[in-house]
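Engineer: Take this structure first; my questions come after.
Derivation of every value follows stated rules applied to the coordinates shown; laboratory data play no part. All figures in this text were calculated on a predicted structure; none of them were measured in a lab. Heads up, the Cβs are rebuilt from the backbone with ideal geometry, glycines too, and the neighbour counts pull from every protein chain shown.
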Amino acid sequence: MQDLDYAYNLDNNYAYALKRQAEIYLEEKDVNTACKLLNEAVRIKPKYDEAYNALGFVYREINNYDSALFCFNRAIKLDHKNSKYYCDLGDLHFDNRFFADAVKDYDEAVKLSPTFNFIMQEKVIHTTTWQSMIKPIRNL
């Protein structure tokens with residue numbers, strides 16, 4: 001049993017190391033390598049919410065909406081109390097012009113963490129932009 005626990009800890013630590021290595025590649029703008037590393041991290045540790053969220057970010061960067069959506073939603077399913085995950089999902093929705101969904105995501109993020117100023121700023125910026133884009137359509 002001790003060997004099994006040791007192997008499990010190695011896998012967990014390896015998944016964390018892969019995520020960290022992927023973050024370094026992202027800083028260097030090597031999204032393909034980051035994507036491979038993060039996919040390996042979630043393969044090793046399927047309930048690794050932070051890796052799923054990071055993978056969603058990578059897919060968002062390469063305009064793979066469906067994969068990004070899956071990853072962000074998986075991260076939220078694994079940790080539905082993490083306001084940053086809702087904010088990242090809102091950014092994806094906003095980028096793809098799903099403005100009502102973006103506002104809903106930002107609202108959920110703020111509800112979970114009302115003192116998280118970054119989310120508040122994002123919500124205001126995106127909601128204001130959304131409203132200014134929708135207003136002319138309503139006047140048609």
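Engineer: Which entries of K45/K104; K19/K104; K29/K77; K45/K81 have Cα-Cα distances beyond 25 Å here?
Structural biologist: Numbers: K45/K104 29 Å; K19/K104 29 Å; K29/K77 28 Å; K45/K81 20 Å.
From K45/K104; K19/K104; K29/K77; K45/K81, over 25 Å: K45/K104; K19/K104; K29/K77.
Engineer: Mind giving me the FRET efficiency for S67 and T115? R0 is 35 Å, r the Cβ-Cβ distance, nearest 0.05 is fine.
Structural biologist: The pair S67/T115 has a calculated efficiency of 0.65.
Engineer: Which order do the peptides 41-54, 92-105, 22-35 take when ranked by the mean count of other beta-carbon atoms within 10 Å per residue, highest first?
Structural biologist: 41-54, 92-105, 22-35
Engineer: Also, quick follow-up: Return the FRET efficiency for the residue pair N96, V31: r is the Cβ-Cβ distance, R0 is 25 Å, and the value is rounded to the nearest 0.05. Walk me through the intermediate numbers first.
Structural biologist: On the way: r = 18 Å, r/R0 = 0.72.
Rounded to the nearest 0.05, the efficiency is 0.90.
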